[in-house]
Each structure stands twice: as structure tokens, then as C-alpha cells.
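*Asks:* Below you'll find the structure I mean.
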Amino acid sequence: MNCELIFYLATKTNLCEKSLKNSVKYLDLNFRTALFATEPEVLGKLIIDAFEKTNIVFIVGGLDNSEKNGTENILSKALANKLPDDLKKLKNPVSDADGYLVRQGGQLLIALPDKPEEIEEILSGPLNNYLENFTEL
């Protein structure tokens, strides 16, 4: 299954990409491209464009930024007018930068922190089973 990867206000992008791909390699996900955004408007456009091409989008970064440009605030604003079919906070056992899962119909957005060890920890938890079931649909 094809998916997209978007880095938003992220650091260690190469290491994060390796950790992400290694953590989901059993799912046979094909990462089409790695995209980059440093502004909320650009992130929004990249997400919309990504969902026109695929059903799974990973966003890495911006979760430890509590300002208005942080990923958490952007997702909150995007979901203000319509609740998704599924919304889960992905507990991060390493730090306070929890991830998020948002599913609307057959589209899935997963927001992860930009630290390789945290990506691996989150993906080794319940998200692992969720992704496996989603990709089998």
C-alpha cells in the first residue's frame, strides 16, 4: 500500500525516516516521497495533496511545539468542524510528545514525534496492530 511521509518542523529527518520505515517494514508500505513543511499552510496543502494520491499519511515532527504552529494545534483546528471516524492519542512512553492517529473513512493520518527512538516506541505499541488491520482492508 502506498503512503506519504511529511516532515513538519522536524529534526533528525534521515534517522526518523529510517526508524519509521524499519518499524513498519512488515506491513509492505511503499513510501512514495518524503516531503517537508515549515509553515502550517504548507503542511495543510501537502496533506491534502497526499490524500489525493494515497490513503495513509505520516507526519513526523512539530509535536513538541506547543505554540499555534505545533502539529497538535493544527490538527485540532482542522478537526474543529467535523469529528473523524477514529481519533486516538498515541501514548509516548519516552517523552510528553504523544502521537496522534486520525482516520476518516479509508484515509489514515498518523502524527509522530521527530525522535527516532520515540517513533519506534510508539509504533511498537497498539498502533502496530491498528496499522496491520488498516492495511489489510
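The values are calculated or read from the model by the stated rules, or taken from the named source; none is laboratory data. All values derive from a computational prediction rather than experimental measurement. Neighbour counts are summed over all protein chains in view; Cβ atoms, including those assigned to glycine, are modelled from backbone coordinates with ideal geometry. Note: accessible area is taken over every heavy atom of the protein model, side chains too, but ligands, DNA and RNA are not part of it. Shrake-Rupley method; radii C 1.70, N 1.55, O 1.52, S 1.80 Å.
*Asks:* Tell me which residues, restricted to region 1-22, are open to solvent by 60 Å² or more (accessible area, probe 1.4 Å) and either part of a helix (DSSP H, G or I) or among the small types (Gly, Ala, Ser) (or both).
*Replies:* Correct list: Asn14, Leu15, Lys18, Lys21, Asn22.
*Asks:* Shifting gears a bit: In the list Pro84, Pro40, which residue meets the criterion of being surrounded by 14 or more Cβ atoms within 10 Å (Cβ to Cβ), of a type outside the set (Ser, Thr, Tyr) and more than 21 Å from Phe134 (Cα to Cα)? Steps first, answer last, please.
*Replies:* Details: Pro84 fails: more than 21 Å from Phe134 (Cα to Cα).
Selected residue: Pro40, the only one of Pro84, Pro40 that is surrounded by 14 or more Cβ atoms within 10 Å (Cβ to Cβ), of a type outside the set (Ser, Thr, Tyr) and more than 21 Å from Phe134 (Cα to Cα).
*Asks:* Somewhere in region 64-76, is a residue open to solvent by 40 Å² or more (accessible area, probe 1.4 Å), in contact with a Phe, Trp or Tyr (Cβ under 6 Å, 6 or more places away or on another chain) and of a type outside the set (Lys, Arg)?
*Replies:* no
*Asks:* While we're here: Where residues in region 48-63 are open to solvent by 70 Å² or more (accessible area, probe 1.4 Å) and without any contact (Cβ under 8 Å) to a residue 24 or more places away in the chain, which of them is nearest to Asn14 (Cα to Cα)?
*Replies:* Only one residue tops the list, namely Ile48.
*Asks:* A follow-up question, please. Exactly one condition in (1) closer than 22 Å to Thr11 by Cα; (2) open to solvent by less than 40 Å² (accessible area, probe 1.4 Å); (3) touching a strand residue (DSSP E or B) at 6+ places or on another chain (Cβ under 8 Å) is false for Ala97; which is it?
*Replies:* (3)
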